[in-house]
There are 2 protein chains.
Amino acid sequence: MSANGDFSAVATAASHSDPIAPVIFGVTLILVAALIGRHLARRTQQPSVLGELLMGLLLGNVLAWSGYELMLVLREGAAVMDMTKAALSGLDWPAAARLVLGEERAPALLELLKGPQGGEYLLVVHAVDVFSRYGVIFLLFHVGLETCVSDLRNVGADSIRVALIGVLAPFALGLLTSWLFSPNGGYAQHLFLGATLGATSIGITARVLQDLKKGQSGEARIILGAAVIDDILGLIMLAIVTSIIVTGTLQLSEIGRTIALATLFIAAALALGPYVIRFLICMLRHFDEMEAKIFISFVFAMTLAWAASLVGLAAIIGAFAAGVLVMDDQFKPWQCDTCRKYSIKELFAPIEAILVPIFFVLMGIQVKLEAFLDLQVILLALGLIVAAVAGKLVAGLGVRGRGLQRLVVGVGMLPRGEVGLVFASIGRSLGVISTEVFSAVVLMVIVTTFATPPLLRSLFRNGGQLQDSETPVAH
Amino acid sequence: MSANGDFSAVATAASHSDPIAPVIFGVTLILVAALIGRHLARRTQQPSVLGELLMGLLLGNVLAWSGYELMLVLREGAAVMDMTKAALSGLDWPAAARLVLGEERAPALLELLKGPQGGEYLLVVHAVDVFSRYGVIFLLFHVGLETCVSDLRNVGADSIRVALIGVLAPFALGLLTSWLFSPNGGYAQHLFLGATLGATSIGITARVLQDLKKGQSGEARIILGAAVIDDILGLIMLAIVTSIIVTGTLQLSEIGRTIALATLFIAAALALGPYVIRFLICMLRHFDEMEAKIFISFVFAMTLAWAASLVGLAAIIGAFAAGVLVMDDQFKPWQCDTCRKYSIKELFAPIEAILVPIFFVLMGIQVKLEAFLDLQVILLALGLIVAAVAGKLVAGLGVRGRGLQRLVVGVGMLPRGEVGLVFASIGRSLGVISTEVFSAVVLMVIVTTFATPPLLRSLFRNGGQLQDSETPVAH
């Protein structure tokens, strides 16, 4: 056997460099961008999500304009995912690209993917996309963990009215705005934008209220109660809208079927979930606490997420339900006084810390600033911002109190933050929200999230004394 | 605008179902298999890695034989990754498949990928592969965390001799075995199999010794000391072998260049690493402890892993170095007596708990039992097992003690466990280890890992009193 013969095989092996290296580079680049964005947000007392989103927006647009190929491919991430699925069924990338992107935009992306690093780009886009989608699932699992069913019983009538108006009014206004300013989008887009406007991200308001030492005020309690119901109403709205889009019909019987299916899914999860968890705990009693909590929570959340998408609901609905159902109290076999306890939330915090910022930065990267060169997109974005603000301010009218209190509650419900982004990203996955409309939605999310903290602070500063003396009266 | 017009766009959207659902299914299926394997291993007092590996082997072979398409594609995971990179440069899947798999095996895989679910399979394979590779990186980061530079100074001469012989003897025997039983594999394969046999996975021995309450015995100290050096020697060996393969030459100047480059990389990491960590800590001082530790450790580990693969080393070498360099003591700004502290190891435990078992199960899935229908593969596997056992038993001669002690140390070094698997998977990524040889290596890992605990127990049972009275003399 000659040395030459051996090394001809080796020469081809040389091209087989570790495929994880470019993925590590892409994912870490995005996480570093998230860190810088978060760092800057902390220093300027803005919410982290805003810093990460804006950093992604900056990174995506600047690097893409300067011709950085990886970023050009990442910006088309949603299209690349669709292409991958379409390309393989016929094993024909060019046809898939034309199908997904249209004749005009397909050649540029194909050119990049055809290059010597095309395969690496594809792997990076797939990995980043999968990480960010898992991030969203963990995010909603976390929201579910913080939602306690027994809390729902203590929610006041004010909160319920605020939540109901706060979902329905922005839905109607969002639908109208989409229909007026983007008539070509079709019913599917109008419905989805309506649902997106109904979302509320309460984390930002909660932090501002705590900073102002108003976390226990009447307004805070109304807002936090409304936010819990809002999450649930929003997910129901998402379920209905998604099913209308997937079944492709506006027939009431179909919508009814979806609602029935969603109800059945939630009912089955609620009824069987605790038994499944108990069975798993019994099975894994040889494991230590950390292992048992992580594995059971993970498998349960993922199974519900998968089951949800199986019955035509969004995966995040299953993850949310899993979060509601899994509780630290269920892990009794590991309860002891001396050993250190890990809560489920603590155990998932590191995973969330890595994956969730990837989602936010990726959403920022995929905003195309050049879309705003089109007057129609600007009008749509402005319309969405007005609709988003007006819809939630109207929700404040659900409070039986004086004007100021209503305004504080309305402003507190303004930020769409992560929940709005999640809805928009699902809409894009379903193919009903175009790149341009997506960019307009992200702008709306940025503006409502950015505006809330200063608005809340100035409202409390101007009316602080009035409000303080009133709180006991209102409750 | 007619309702029909709107819903034609919607009808195509219907095919755009959430791409994460099949990924969730695939990943969760693998994790459930890991859980069952781990559960069974615990009940039979076997190491977890063995349960996970065997469960993967069972799952992969049974489901693949029963024609389950997803499993058929997952088993060809390594080829699919290579194909992805090759396919895009020319956008031609059939040609890429023939290049990677050869004329004979390509059509079957192409048929699966061409089917209606081909795109989903590709996404699942990519996701599982990326997760398992990240799992390996976190595994080696963990090994690095547990390796303390100051410990190295306290390692005795016995340990150093055991480690040196324990890497070199199996290397020589492994190279010889590969050359004898698989002459067509070429130098690259011979070298890689040698390096793989040199690896030691000490976790299994450490656990058995603890169970036997021999964790503080003279043998235990020699084994644990040798294991630390073994990890480092093994990684150096991997670096040299990898560079020979990647550069495709056996010239001493090239090998010298690699050693110089690896030394430079490690030196640069050791010299600059602490400053980089200090800079990052200073930058992120607005973050809370958990965030700062997770982000800094993650970014540092990933940057070193990426840098390592940039200079031609395996990514895991960078991750290992990062683990050695990051220490909880560096996070002084967050040190306080009252607040609860999270150690870096605790923070990464949940991430490892999910990703590492995916690696083990995937390795099991990719073992092709039908490969053992070939007499040559059986002979190679048997040869590797004999070489692996003989090489490490010889290492026991490095101990200046009586026969029993030497035997205990030799047996304690036997298990290849996760480290052997990592080496084999890198060899396969580099294209130098074929599916058949990979299957033989995994069998060797299973046998050495399986045999060690009962052997150690019976050695201590038969010679326990003799050994107990000798320990003070030996030290």
Q) Regarding B:A271, is this residue over 21 Å from the mean Cα position of the chain (by Cα) and either in a helix (DSSP H, G or I) or within 11 Å of chain A (Cβ to nearest Cβ) (or both)? A) yes
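Looking for something surrounded by fewer than 17 Cβ atoms within 10 Å (Cβ to Cβ) and hydroxyl-bearing (S, T, Y) - is there at least one such residue anywhere in region A:77-87? Quick ask: steps written out before the conclusion?
Looking only at region A:77-87, we keep the residues that are surrounded by fewer than 17 Cβ atoms within 10 Å (Cβ to Cβ), and these are none.
Taking every residue of region A:77-87 in turn, none turns out to be surrounded by fewer than 17 Cβ atoms within 10 Å (Cβ to Cβ) and hydroxyl-bearing (S, T, Y).
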Query raised in the report: Does region B:238-258 contain any residue that is in contact with a helix residue (DSSP H, G or I) (Cβ under 9 Å, 6 or more places away or on another chain), within 12 Å of chain A (Cβ to nearest Cβ) and of a type in the set (K, R)?
Result: no
Exactly one of A:A424, A:A390 is crowded, with 24+ Cβ neighbours inside 10 Å and over 22 Å from A:G218 (Cβ atoms), and that one is A:A424
Within 15 Å of A:I20 (Cα to Cα), facing another protein chain (nearest Cβ under 10 Å), out of contact with any strand residue (DSSP E or B) (no Cβ under 6 Å at 6 or more places or on another chain) and without any contact (Cβ under 8 Å) to a residue 60 or more places away in the chain - does that describe any residue in region B:317-327?
yes
Can A:F298 be described as modelled with pLDDT of 95 or more and farther than 30 Å from A:F181 by Cβ? yes
So A:L264, is it of a type outside the set (V, I, T), out of contact with any Leu (no Cβ under 6 Å at 6 or more places or on another chain) and either within 14 Å of chain B (Cβ to nearest Cβ) or touching a residue at least 60 places away in the same chain (Cβ under 8 Å) (or both)
no
Going through region B:385-400 in order, the residues found to be out of contact with any Phe, Trp or Tyr (no Cβ under 8 Å at 6 or more places or on another chain) and not β-branched (V, I, T) are B:A387, B:A388, B:A390, B:K392, B:L393, B:A395, B:G396, B:L397, B:G398, B:R400
Whether any residue in region A:396-414 is closer than 30 Å to A:L362 by Cα, part of a loop (DSSP other than H, G, I, E, B) and touching a helix residue (DSSP H, G or I) at 6+ places or on another chain (Cβ under 9 Å) is what I want to check.
yes
Per the filter on region A:274-312, residues more than 9 Å from chain B (Cβ to nearest Cβ) and hydroxyl-bearing (S, T, Y) are A:Y275, A:S297
When B:A220 is run through (1) at pLDDT below 80; (2) away from chain A (no Cβ under 14 Å), the failure sits at (1)
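Residue-by-condition table, conditions (1) aliphatic (A, V, I, L, M); (2) touching a His at 6+ places or on another chain (Cβ under 8 Å):
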site	(1), (2)
B:V32	yes, no
B:R43	no, yes
B:V49	yes, no
B:A79	yes, no
B:W93	no, no
By my count, helices (runs of 4 or more DSSP H) wholly in region B:85-180 with at least 2 residues that are farther than 27 Å from B:G218 by Cβ and more than 10 Å from chain A (Cβ to nearest Cβ) are B:93-114, B:118-146
For A:Q335, the lone unmet condition from (1) within 23 Å of B:Y134 (Cβ to Cβ); (2) modelled with pLDDT under 90 is (1)
Note on region B:202-217: residues farther than 22 Å from B:I232 by Cα and in contact with a Ser or Thr (Cβ under 8 Å, 6 or more places away or on another chain) are B:V208, B:L209, B:S217
Subset of region A:340-365, residues of a type in the set (V, I, T) and over 26 Å from A:F438 (Cβ atoms), comes to A:I344, A:I351
Counting only residues in region B:283-308 that are more than 23 Å from the chain's Cα centre (by Cα), part of a helix (DSSP H, G or I) and free of Cβ contacts under 8 Å to residues at least 24 places away in the same chain, the one farthest from B:A267 (Cα to Cα) is identified as B:E291
Residue hits (region A:181-204; surrounded by fewer than 24 Cβ atoms within 10 Å (Cβ to Cβ), in a helix (DSSP H, G or I) and hydroxyl-bearing (S, T, Y)) are A:Y187
Taking region A:338-363 and the residues there that are touching an Asp or Glu at 6+ places or on another chain (Cβ under 8 Å) and assigned to a loop (DSSP other than H, G, I, E, B), the one that is modelled with the highest pLDDT would be A:S343
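Per-residue answers, yes or no, for (1) within 13 Å of chain A (Cβ to nearest Cβ); (2) of a type in the set (K, R); (3) touching a helix residue (DSSP H, G or I) at 6+ places or on another chain (Cβ under 8 Å):
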residue	(1), (2), (3)
B:V23	yes, no, yes
B:G26	yes, no, yes
B:A33	yes, no, yes
B:L40	yes, no, yes
B:L54	no, no, yes
B:W65	no, no, no
B:V80	yes, no, yes
When region A:36-60 is checked residue by residue, the ones that are more than 18 Å from A:Q366 (Cα to Cα) and either surrounded by 24 or more Cβ atoms within 10 Å (Cβ to Cβ) or in contact with a Pro (Cβ under 9 Å, 6 or more places away or on another chain) (or both) are A:R38, A:A41, A:Q45, A:Q46, A:P47, A:S48
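If I filter region A:110-131 for residues that are within 19 Å of A:L235 (Cα to Cα), in contact (Cβ under 8 Å) with a residue 60 or more places away in the chain, surrounded by 20 or more Cβ atoms within 10 Å (Cβ to Cβ) and not small (G, A, S), do I get at least one hit?
no
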In region B:401-440, anything within 14 Å of chain A (Cβ to nearest Cβ) and in contact with an Asp or Glu (Cβ under 9 Å, 6 or more places away or on another chain) is listed as B:I426, B:S429, B:L430, B:G431
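The values are calculated or read from the model by the stated rules, or taken from the named source; none is laboratory data. Everything quoted here is computed from the prediction, not taken from an experiment. Ideal geometry is used to build each Cβ from the backbone, glycine not excepted, and the neighbour counts take in all protein chains shown.
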